[in-house]
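Notes follow once the structure below has been shown.
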2 protein chains.
Amino acid sequence: MKAAKAKAGRRRAGRPPLALLGPAQITRAALKLVSRDGYKALTMSKLAKSLNVAPSALYNHVRSKQELLRLVEDSLMARVDVSAFLDQPWDQAVSKWAHSYRDVFSSHLPLIPVIALLPVTNAPQTLLMYEAVTEGFLRAGWRSARIIDAIVALESFIFGSAYDVNAPSDIFAPGELGATAPAFSSAVAHRSNAGQLNDADAAFSLGLAALIAGLATTLV
Amino acid sequence: MKAAKAKAGRRRAGRPPLALLGPAQITRAALKLVSRDGYKALTMSKLAKSLNVAPSALYNHVRSKQELLRLVEDSLMARVDVSAFLDQPWDQAVSKWAHSYRDVFSSHLPLIPVIALLPVTNAPQTLLMYEAVTEGFLRAGWRSARIIDAIVALESFIFGSAYDVNAPSDIFAPGELGATAPAFSSAVAHRSNAGQLNDADAAFSLGLAALIAGLATTLV
DNA sequence: ACCTGAACACCGTTCAAGT
DNA sequence: ACCTGAACACCGTTCAAGT
């Protein structure tokens with residue numbers, strides 16, 4: 001923020017600011033790197049190389065790799081769709097928000113500890129997301145005292161479900177030890193949902209519907 | 001397993017086997033290291049040092065650090081209490097299991113991706129845990145086809161909640177940007193639960209009760 | 001203010017050489 | 001079969017020196 005402003009002051013009028021190094025450019029380059037090669041490729045030196053700069057130069061704009069991840073996380077948070085809270089019934093809005101939230105971060109699993117463990121301070125997009133959700137809860141009649149707990153509970157489910165999206169399809173294949181777990185092996189073999197959903201989506205839909213229905217009854 | 005047996009063959013009668021290097025000893029040493037200094041201290045070289053051995057020696061017993069984490073995870077799974085599924089009503093049993101599961105892994109967050117993403121093949125304790133839970137669901141009248149989805153949904157919530165246990169208490173402090181999210185800031189300020197629970201426990205209780213109640217209605 | 005280049009203290013893993 | 005010691009290809013981060 002501060003660095004960006006300082007630069008804006010030095011910038012000559014009419015010159016496109018896009019080439020200058022700053023938090024926004026670094027975040028953009030990080031997202032590009034991740035979308036091309038995954039999080040194993042998001043190292044300070046590879047990121048620096050993609051910006052034609054020495055690794056140590058990054059530390060003029062970012063305190064640590066943690067802070068970089070924080071920037072990336074916050075920028076992704078803008079992709080979470082909260083629009084349903086404006087004009088749809090609470091349960092439908094929660095469902096759409098939750099689906100969108102899971103889908104955004106299922107491709108960014110290493111950011112989940114960042115969201116779950118780091119304070120929202122100075123994460124403007126994250127704050128906007130929470131604001132929209134909170135307003136939706138208030139509009140639906142939720143008491144202020146319980147809204148954060150409900151959001152945290154939903155988020156916990158969403159984070160766990162984001163991992164599940166990336167699980168291999170044979171994650172429950174019991175292998176040679178199958179005989180020691182006959183009931184479980186049988187349940188795995190008979191796993192099936194009414195529709196044409198994949199396993200992760202089926203579990204997510206079931207859990208989300210249950211969670212929403214259960215929360216709705218405690219809304220009183 | 002194979003290595004342990006080979007060693008057992010070589011071992012002289014009457015000699016305590018505890019000093020020999022093998023998967024069980026390595027796992028035990030890893031847990032000791034983690035409980036003393038956390039996961040940042042669980043490196044191959046520190047683990048080797050704690051066993052008075054060269055780092056490369058570990059690779060005679062473990063294919064990679066991933067496999068080591070798998071061993072640690074599986075051994076921790078034995079601590080998850082599934083006993084309530086034997087003699088208590090389904091909803092109570094699920095609640096006790098979920099609490100125990102969350103409590104065990106809230107001190108082992110780096111293992112959550114391991115549980116969520118790695119096949120259960122050759123994870124005997126993990127398999128036993130799933131077997132006990134599945135039997136509990138069957139006894140309660142669940143149809144085989146939906147049991148795995150229900151367990152996955154519960155696990156997703158449990159994993160997310162394990163992160164939440166470790167969140168700092170000021171995680172939702174909006175900082176300087178609070179003015180941009182007034183409804184959220186107010187909800188954070190007014191957050192409170194009836195009882196004497198901490199924030200993480202309050203959200204976990206609320207979500208778990210909702211999830212269990214919601215799942216119970218789809219049980220039919 | 002912002003960059004480079006060298007350096008530091010680590011990582012996980014491989015592999016020839018020993019016993 | 002199992003170990004050691006050296007080596008490899010990396011990490012994130014710091015810091016003096018430049019402009």
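Scanning the range B:162-198 for residues that are within 23 Å of the chain's Cα centre (by Cα) and under 23 Å from residue A:210 (Cβ atoms) turns up B:162, B:163, B:164, B:165, B:197. Filtered by the rule that a residue be away from chain A (no Cβ under 14 Å), more than 17 Å from residue B:71 (Cα to Cα) and within 14 Å of DNA strand D (Cβ to nearest atom), the range B:34-45 gives a lone residue, B:45. Within the range A:191-220, the residues that satisfy the criterion of being farther than 30 Å from residue A:143 by Cα and in a helix (DSSP H, G or I) are A:199, A:200, A:201, A:202. Under the condition of being within 7 Å of chain A (Cβ to nearest Cβ) and among the aliphatic types (A, V, I, L, M), the residues counted in the range B:129-143 number 1. In the range A:48-71, the qualifying residues are those that are charged (D, E, K, R) and closer than 18 Å to residue A:112 by Cα, and the one that is nearest to DNA strand C (Cβ to nearest atom) is A:65. The one condition from (1) within 19 Å of residue A:170 (Cα to Cα); (2) within 16 Å of DNA strand C (Cβ to nearest atom); (3) within 15 Å of the chain's Cα centre (by Cα) that residue B:125 does not meet is (2). Scanning the range A:21-47 for residues that are more than 16 Å from DNA strand C (Cβ to nearest atom) and modelled with pLDDT under 95 returns no hits. For the range A:166-197, the set of residues classified as farther than 18 Å from residue B:154 by Cβ and either in contact with a Pro (Cβ under 8 Å, 6 or more places away or on another chain) or touching a residue at least 24 places away in the same chain (Cβ under 8 Å) (or both) consists of A:166, A:168, A:169, A:170, A:173, A:175, A:177, A:180, A:185, listed by residue number. Within the range B:150-163, how many residues are within 21 Å of residue A:129 (Cα to Cα) and surrounded by 24 or more Cβ atoms within 10 Å (Cβ to Cβ)? So the count comes out to 3.
On inspection, residue A:14 passes the criterion of being modelled with pLDDT under 95 and over 22 Å from residue A:125 (Cα atoms).
Say whether the condition of being exposed (fewer than 15 other Cβ atoms within 10 Å of the Cβ), at pLDDT 95 or above and within 7 Å of another protein chain (Cβ to nearest Cβ) is met by at least one residue in the range A:191-207. The answer is no; no qualifying residue exists. Identify the residue in the range A:48-99 that is among the basic types (Lys, Arg) and in a loop (DSSP other than H, G, I, E, B) and, among all such residues, is surrounded by the fewest Cβ atoms within 10 Å (Cβ to Cβ). Here the answer is A:63. Could we say that residue B:74 is touching a helix residue (DSSP H, G or I) at 6+ places or on another chain (Cβ under 7 Å), outside the structural domain of residue B:125 (by TED's automatic domain parsing) and away from DNA strand C (no atom under 16 Å from the Cβ) here? So residue B:74 fits the description; yes. Hey, could you check the range A:168-190 for residues that are part of a loop (DSSP other than H, G, I, E, B), surrounded by fewer than 19 Cβ atoms within 10 Å (Cβ to Cβ) and not hydrophobic (A, V, I, L, M, F, W, C) and say which is farthest from the other protein chains (Cβ to nearest Cβ)? My answer is A:169.
Results for (1) facing chain B (nearest Cβ under 7 Å); (2) of a type in the set (A, V, I, L, M); (3) not in a helix (DSSP H, G or I), shown as yes or no for each residue.
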{"position": "A:107", "(1), (2), (3)": "no, no, yes"}
{"position": "A:110", "(1), (2), (3)": "no, no, no"}
{"position": "A:145", "(1), (2), (3)": "yes, yes, no"}
{"position": "A:149", "(1), (2), (3)": "yes, no, no"}
{"position": "A:152", "(1), (2), (3)": "yes, yes, no"}
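Against the test of being out of contact with any Leu (no Cβ under 8 Å at 6 or more places or on another chain), over 30 Å from residue A:137 (Cα atoms) and not polar (S, T, N, Q), the options A:84, A:54, A:30 yield a single qualifying residue, A:54.
The values are calculated or read from the model by the stated rules, or taken from the named source; none is laboratory data. These numbers come from a predicted model, not from an experiment. Positions of Cβ are generated from backbone atoms using ideal geometry, with glycine treated the same way; all protein chains shown enter the neighbour counts.
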